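The values are calculated or read from the model by the stated rules, or taken from the named source; none is laboratory data. Treat the numbers as computed from the prediction; the structure is a model and nothing was measured. Heads up, the Cβs are rebuilt from the backbone with ideal geometry, glycines too, and the neighbour counts pull from every protein chain shown. Please note that ligands, DNA and RNA were not included when accessible areas were found on the heavy atoms of the full protein model with its side chains. Shrake-Rupley method; radii C 1.70, N 1.55, O 1.52, S 1.80 Å.
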Amino acid sequence: MYLASGIGKRFGGVRALDGARIELRPGSVHALLGENGAGKSTLVKILAGALPPDEGELLLNGAPVRFSTTRDAVRRGVAVVSQEPSLFPDLDVLANLFPACDLRRGGLLLDRKAMARKAGPVLDELELTRPPTTRVGELTLAERQLVEIARALLEDPAVLILDEPTSALQADAAARLLRILAALRSRQVAVAYVSHVLEEVVRLCDEVTVLRDGRNALSAVPMAELTLEKIVRAMVGDRPTAPAARPAPSLDAGTAGLRLRGVHVPGHLDGVDLEARQGEIVGLAGIAGAGQTAVLEVVCGLRIPSAGTLAYPGGGPRPRGLRQAIRAGVAVVPSDRKRLGLMLDKPLWENIAQVRTVALGRTGAWVRAKDLRERAAAATARLRIRASGPDQLAGRLSGGNQQKVVFAKWLEAAPGVVLLDDPTRGVDVAAKAEMHAIVRELAAEGRVVLLTSTDPAELAQVCDRVLVFRKGRVAAELAGERLTDHEILHLAHGANSE
Amino acid sequence: MKRVLGVDEFGVVVVLVVLVVAIGLFHPAFLDRAQLVDVVRQASFVGVLACGMTYLLAMRELDLSVGSTYALSLIAGSMMMRSGVNPWLAAVAAVAVGGVLGLVNGALCNTLGIPSIIATLGTLSVFRGLALALSEGRQVAGLPRDDAFFTVVGGDLLGLPTSIWVLAAVAVALTVVFKATPFGYRVRAIGSNPDAARFSGISIPRVRLQVLVLSGALAGVAGVLTLGFFASGQPTIGQGYELQAIAAAIIGGTPLRGGSGTVWGSVLGTVILGTVASGLVYFGVPINWSLFATGIVILLAVALDALLRRRGSASSREAL
Ligand SMILES: Nc1ncnc2c1ncn2[C@@H]1O[C@H](COP(=O)(O)OP(=O)(O)OP(=O)(O)O)[C@@H](O)[C@H]1O
Ligand SMILES: [Mg+2]
């Protein structure tokens, strides 16, 4: 049993935790929930020995503990999958799985054979198909997350803490992880589970703790006594969590939209036709690598097709690269926010101004920091980014709030074509609703929106139409009554349409 | 004022003051105005190079060829003057030569896809070699010494050497560009997170080229200042200036990891290096020990600055 009580933690002027409590029991999966910035990851880091608490105590099997490093905690049986990947990108998968290098031959040389033997079953269970000699830097975000999970499982922990482990995973990979968790429960492992996918939580978890402003709003309440609505209310109070019903899109039939014709990208796309009119939100669905991401990459100039045509709304030549596409009014909200989206050592306002003012120079020859701060403050308020102000460093924000900053920086650029690659990853329910509302506004203003998501329900809710990809082709198109998360999943996994 | 000389430079200023006072305590003659001005004047050539190096470091690049670019533009300028070209025109041409050499560096990086540290490691020798070959290894003398160019550029203006004014002007201009224009923000954005910069529509090759041209042109400016002062061209001049410029920028507080930088800090860093060099002369350190002593002082300066910096930001320090 692992108990943390009365935990307090400040960062400068910010009180991240204020007397928080969580109790993890063997054989129980414990959900740790709360809105973005509520203090979940901070509590997780304290449980895992990555941060010392300012106040409060940790009791492991009744005895007070104080870990000085995460390695320390692992040795005592507490393993963690942290929200932000903490892998070594230049090392291969196998080396990353055994960070302590404790499998050696003759006490000196790494025993890679033994490592591979030990890792094999775990990797198979998670269905990570890449060879273990792949450099981690070459993996997708989802694959990196699987490696991270595998690393924690290999420690054979008594307490396992997962901070948003499924946020980058496709539905099928998430389902696999949930099966593994069920197995861990039967092995009497104590599991803590942080997630913003509440449906998943309701299905999987045994008890729930909700943090709000660093304090417990719910403490270890059995799931049987709760409903989704009760949990949401405890997290966010009365803030709206679903945008108003979707009005029919007002499509301007006269103007040409975004058009792809017969687009081929060897190994990725095999003759894709796609037309998205201005004012339309088109969802791209499919299992990982089915082609939906490749379409986004073609539209933003990252991939040059070997055949086929691409036309932007309002004409203009096909972009020669990412930069030309961005200049032509394309926005790319990438899913890998840490690597592709943010300057962690820079204040919020600089991040938010990066496209419009810095890259495109649209605000003139001078950078007017005061104006930009004000604009950033407005964006912060609108998206409810939890920050001390526009001067807070992006690296000090909670994960979901960082995601909102990436979204905000592209909103600033007033793009004509908006490409959203899983834009609500790790964002809480209320903020997700706000982002959905903004996406609809963008469409209503006559922009073209292409959206991918690891959550089919999000696609069904936000999009006017969804194209389901299979093996680099558009396998089906869903709209109206047929546009449901069920149907999307069904088709993505290979059932034939029509 | 805080904008131009902000908290970033506080530590370096303290280091400099401590150094000057320490030397002055033992040798009051060092505190003589003429002596102090001379220290700054001597530092002004490397100072101009260090301003450009600040931009490069801020975007995680390096220009190892600045010392050679400096010598080659100086030789080109002096040979033009010797052959009768108007010295002012030759000076402009020398700056342009520096810019073109920077363009060569940038083109090498971008077409071959190699990091600037590699490309400029090569051109360090290429440019120096050209300077030696053009001048046949000899000093370029016989310049029209009576021309106004030499009295203005090599002389004083409003009571201070012209090269100090030029250094100050360069530092002010580059600080403003660095802190208040999209270009300056682009440079820092690339240094902060190159992938994110690319994904925001910033062209890294283009900015790299621009900054290398800037660095080359500044080497040309330094060459012209030197030419004005010495009224002759020495092809071996400026060897090791690239390392001095890098050291000055780092002493001044520009981190090697990129993402930020301070032009004024680099200028102050050069003056610190110059102060150390003169101080060693005052203390009569044997010539064979002076390099050793310089190195020790650099390490002490960086350590003191790091200490002051940590004090300053202790409250916002992260536990992780
Ligand atoms: N290193 C830090 N420096 C300053 N403030 C921090 C730091 N780490 C976290 N914070 C602040 O502490 C608060 C809690 O952050 P935390 O990461 O625990 O949130 P979270 O509940 O995990 O949110 P999310 O759902 O977005 O991941 C936030 O307001 C955040 O800005
Ligand atoms: Mg978190």
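Computed quantities for the displayed model
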item	result
So A:PHE88, is it open to solvent by 50 Å² or more (accessible area, probe 1.4 Å) and in the same structural domain as A:PRO26 (by TED's automatic domain parsing)	yes
Condition broken by B:GLY142, with the remaining ones in (1) surrounded by fewer than 18 Cβ atoms within 10 Å (Cβ to Cβ); (2) modelled with pLDDT of 95 or more satisfied	(2)
In the stretch A:137-159, residue nearest to ligand 1 (Cβ to nearest atom) [restricted to those that are in a loop (DSSP other than H, G, I, E, B) and at pLDDT 90 or above]	A:PRO157
Helices (runs of 4 or more DSSP H) lying entirely in the stretch A:307-397 (those with 1 or more residues that are of a type in the set (Lys, Arg) and closer than 30 Å to A:VAL272 by Cα)	A:322-327
Enumeration of residues in the stretch A:329-338 that are closer than 16 Å to A:GLN354 by Cα and more than 8 Å from chain B (Cβ to nearest Cβ)	A:GLY329, A:VAL330, A:ALA331, A:VAL333, A:ARG337, A:LYS338
Qualifying residue in the stretch B:219-242 (condition: touching a residue at least 12 places away in the same chain (Cβ under 8 Å), in contact with a Cys (Cβ under 8 Å, 6 or more places away or on another chain) and either surrounded by 15 or more Cβ atoms within 10 Å (Cβ to Cβ) or not in a helix (DSSP H, G or I) (or both))	no
Members of the stretch A:1-27 found to be small (Gly, Ala, Ser) and open to solvent by 10 Å² or more (accessible area, probe 1.4 Å), listed by number	A:SER5, A:GLY6, A:GLY12, A:GLY13, A:ALA16, A:GLY19, A:GLY27
Hits in the stretch A:376-390 - residues which are surrounded by fewer than 22 Cβ atoms within 10 Å (Cβ to Cβ) and near ligand 1 (Cβ under 10 Å from one of its atoms)	A:ARG386, A:SER388
Test: A:LYS45 is within 12 Å of ligand 1 (Cβ to nearest atom), open to solvent by 50 Å² or more (accessible area, probe 1.4 Å) and within 30 Å of A:LEU139 (Cβ to Cβ)	yes
Residue match in the stretch B:267-284 (condition: within 21 Å of B:LEU56 (Cβ to Cβ), of a type outside the set (Phe, Trp, Tyr), open to solvent by less than 40 Å² (accessible area, probe 1.4 Å) and modelled with pLDDT under 85)	no
Residue match in the stretch A:6-13 (condition: among the aromatic types (Phe, Trp, Tyr), part of a loop (DSSP other than H, G, I, E, B) and either assigned by TED's automatic domain parsing to the domain that holds A:ALA192 or within 11 Å of ligand 1 (Cβ to nearest atom) (or both))	no
Number of positions in the stretch A:13-37 that are within 14 Å of chain B (Cβ to nearest Cβ) and either among the polar types (S, T, N, Q) or under 27 Å from the mean Cα position of the chain (by Cα) (or both)	3
Filtered residue count, the stretch B:160-188, keeping only those that are open to solvent by less than 50 Å² (accessible area, probe 1.4 Å), within 13 Å of another protein chain (Cβ to nearest Cβ) and under 19 Å from B:LEU209 (Cα atoms)	9
Boolean, A:ALA376 is under 24 Å from the mean Cα position of the chain (by Cα) and within 16 Å of ligand 2 (Cβ to nearest atom)	no
Counted residues, the stretch A:160-188 - those being more than 16 Å from ligand 1 (Cβ to nearest atom) and either open to solvent by 10 Å² or more (accessible area, probe 1.4 Å) or assigned to a helix (DSSP H, G or I) (or both)	19
Given (1) closer than 30 Å to B:LEU143 by Cα; (2) more than 13 Å from the chain's Cα centre (by Cα); (3) open to solvent by less than 20 Å² (accessible area, probe 1.4 Å), number of the condition B:VAL207 does not satisfy	(1)
Filter result for the condition that a residue is within 11 Å of chain B (Cβ to nearest Cβ) and open to solvent by 30 Å² or more (accessible area, probe 1.4 Å), over A:LEU411, A:LEU393, A:LEU360	A:LEU393
